[in-house]
1. Quickly run through the range 48-57 and pick out the residues that are part of a loop (DSSP other than H, G, I, E, B) and open to solvent by less than 50 Å² (accessible area, probe 1.4 Å).
2. How many residues, within the range 114-128, are under 24 Å from Ala93 (Cα atoms), open to solvent by 40 Å² or more (accessible area, probe 1.4 Å) and touching a residue at least 24 places away in the same chain (Cβ under 8 Å)?
3. Can you find, within the range 1-47, the residue that is least open to solvent (accessible area, probe 1.4 Å) among those that are part of a strand (DSSP E or B), free of Cβ contacts under 8 Å to residues at least 12 places away in the same chain and farther than 16 Å from Ile121 by Cβ?
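The values are calculated or read from the model by the stated rules, or taken from the named source; none is laboratory data. The shown structure was predicted, so the numbers you read here are calculated from the model rather than taken from an experiment. Quick reminder, even Gly has a Cβ in these numbers, built from the backbone with ideal geometry, and neighbours come from all protein chains shown. Keep in mind that these areas ignore ligands, DNA and RNA; they rest on the heavy atoms of the full protein, side chains included. Shrake-Rupley method; radii C 1.70, N 1.55, O 1.52, S 1.80 Å.
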Amino acid sequence: APTYVPAFDVTGQWASVTQPWWALYVTQYAQRLMLTGGWLTFDGEGRSIWLYFYEAGGWTAPGTYTAQLFRNMGPPFATAPGADAPSPRASIAGSVVFTFQDRETADVTFILEGTRISHRIRRVVYPP
């Protein structure tokens, strides 16, 4: 299979065009060949969940990155040390596909536990 190398770095915070409170962070590594990132969102029952992607992905076409999506589960942060709580664990929750049109605009589609969700996203640029 061919190896695709993006023409530009996509590292940064990206936010939904239609839902600006929905955002994620992307970091590009290893000479632009690997992306990692994550975001906090809510599941169908309104519980907060942390979703992330790393390592298990790759550039499948110029400007398109596909990866497995992971979800961490575990005890609440405020759980007392030594409490009888389950250990944190990661599980595959679905997949994510980024299609970068340019340095500032992309589409992200993820499938989370069987539900397909898409957003047009733009890079968040902070003033100097």
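1. From the range 48-57, those part of a loop (DSSP other than H, G, I, E, B) are 54-56; that's our starting set.
Ala56 - this is the single residue of the range 48-57 that is part of a loop (DSSP other than H, G, I, E, B) and open to solvent by less than 50 Å² (accessible area, probe 1.4 Å).
2. Keep residues of the range 114-128 that are under 24 Å from Ala93 (Cα atoms), which gives 114-121.
Remaining after also requiring open to solvent by 40 Å² or more (accessible area, probe 1.4 Å): 114-118, 120.
Next cut, touching a residue at least 24 places away in the same chain (Cβ under 8 Å) only: 115, 120.
Residues meeting the conditions: 2.
3. Going residue by residue through the range 1-47, those that are part of a strand (DSSP E or B) are 12-16, 23-29, 34-42.
Those still in the list that are free of Cβ contacts under 8 Å to residues at least 12 places away in the same chain too: 29, 40, 42.
Next cut, farther than 16 Å from Ile121 by Cβ only: 29, 42.
Details: Tyr29: 106, Phe42: 134 Å².
Looking at residues that are part of a strand (DSSP E or B), free of Cβ contacts under 8 Å to residues at least 12 places away in the same chain and farther than 16 Å from Ile121 by Cβ, I get Tyr29.
Rundown of residues vs (1) of a type in the set (D, E, K, R); (2) farther than 20 Å from Asp43 by Cβ; (3) at pLDDT 80 or above, yes/no style:
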residue: Pro76; (1), (2), (3): no, no, no
residue: Pro81; (1), (2), (3): no, yes, no
residue: Thr99; (1), (2), (3): no, yes, yes
residue: Leu112; (1), (2), (3): no, no, yes
